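Inspection log for the structure reproduced underneath, given as structure tokens.
The values are calculated or read from the model by the stated rules, or taken from the named source; none is laboratory data. Keep in mind the model is a prediction, meaning the values are calculated, not measured. Quick reminder, even Gly has a Cβ in these numbers, built from the backbone with ideal geometry, and neighbours come from all protein chains shown. All accessible areas refer to the heavy atoms of the entire protein, side chains included, with ligands and DNA or RNA removed. Shrake-Rupley method; radii C 1.70, N 1.55, O 1.52, S 1.80 Å.
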Amino acid sequence: ERINKVLKGQALPDEELEVPLSAATFPYSYSGLFWPHPPPPVVSYRINENCADCTGEGAAVQAAAATWNAAGANFSFSYAGTTTATAAGYDGVNQILWKNMGAVATLALTTTWYYTSNNNIVECDMEFNDYYTWSTAASCPSDRFDTQTIGLHEFGHFLCLNDLYGAGDSDKVMYGYGSEGQTKRALHADDIAGIRFIYGSSLTAPTVTNSTGASNITSNSARLNGEVTSTGGENPTVHIYWGTSDGGTTPGSWAHDENLGTKGTGTFYKDITSLTAGTTYYYRCYATNSAGGSWAASTASFIPSDKLIGAD
């Protein structure tokens, strides 16, 4: 409406034009470039461990790559060995090295080569600025920059995720500022959402069973046993639902919900008490991760008895 009035030559009061702006916040920013896929890309890289400030810089960079590999996306980095390269340059090899860039604000720089016709990436090189002092220590000294932290950020640029500078972005790996003594070696949920947006999620729903049934059964207590048979690529949250009636696969139909928290592959259990002897009890396990949830194939049942059953 305002634009139409201006185009018609109708004057408007200044205050009417002073519309306050609100900043938009995004979980991640993506440039639109990508490694060719499908199938899921496996991007190899080589490292020149030519940092003069510390040892183990190669292992720190590999740890950063492995962190992105564990993000549950259809993408992976693969260490291909060493290189003697001392500067970025297009040669068909993804190379990582240290180079003195001088007293500039850049801690590290990723250079990307790609085809403009289809946005397919063909090479990325990563240069750490050796003007600054680097560390690979478990706890980064306050006068040094952490190699793994900055490497993790730069590998995000290999994916062509952009820097973020919003007030709510400081906890993210793709936040555009770094500081001495800072360690940020784990991905934020929004960083993970970024790589999965580009290449898709490799996660599947977990699988769980309670086929071994209850054990340690007494007149008023029992141990409810279960097992995560597959995490689906992300450790799930596990529940045991139980009660005196079978609620099937409807959580609200069960009298009790025991949330056991996050579990990896393997067995788990929950000891329950205040049971009534001679009454039939039912239980069923459920596991869920970000890809979905699944129930045990069937419900288990048991009857509390004065005789101890299934004791260790």
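Summary table
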read-out	value
Shape parameters for the stretch 159-312, alpha-carbon atoms, Rg then Dmax in Å	21.1, 66
Accessible area (Å², per residue) of the stretch 177-289, counting only protein heavy atoms and a probe of 1.4 Å	45 Å²
Extended-chain gain in nm, criterion 0.36 nm per residue less alpha-carbon gap, Asn259 and Val104	50.7 nm
Calculated [θ] (222 nm, deg cm²/dmol) that DSSP helices of n ≥ 4 give over the chain, each run adding -39,500 (n - 2.57)	-4000 deg cm²/dmol
Chymotrypsin sites (Phe, Trp or Tyr not before Pro) within the stretch 83-118, DSSP loop, no more than 10 other Cβ atoms inside 10 Å	Tyr90
Value of D in µm² per second that Stokes-Einstein yields for the stretch 206-289, Kirkwood Rh from Cα pairs, at 4 °C (1.567 mPa s)	100 µm²/s
Solvent accessible area, Å² - His157, 1.4 Å probe, full protein context	40 Å²
Coordinate range along principal axes, alpha carbons of the stretch 90-184, Å, largest first	45, 31, 24
Pair-distance profile P(r), taking every C-alpha pair of the chain, with 20 angstrom steps and integer %	26, 36, 29, 9, 0
Crossing angle, helix 147-158 versus the chain [Cα axis fit, 0-90 degrees, rounded to tens]	80 degrees
Length released on extending from Tyr165 to Thr212, taking residue separation times 0.36 nm less the Cα-Cα span	11.7 nm
Principal semi-axes in Å for the stretch 35-119 [√(5λ), Cα gyration tensor, largest first]	24, 18, 12
Ratio of the Cα radius of gyration of the stretch 171-230 to 2.2 N^0.38 Å, where N counts its residues	2.05
Cβ-defined net charge surrounding Leu187, 13 Å radius [Lys, Arg +1; Asp, Glu -1]	0
Segment Ala80-Thr267, extension gain: residue separation times 0.36 nm, minus the distance between their alpha carbons	63.6 nm
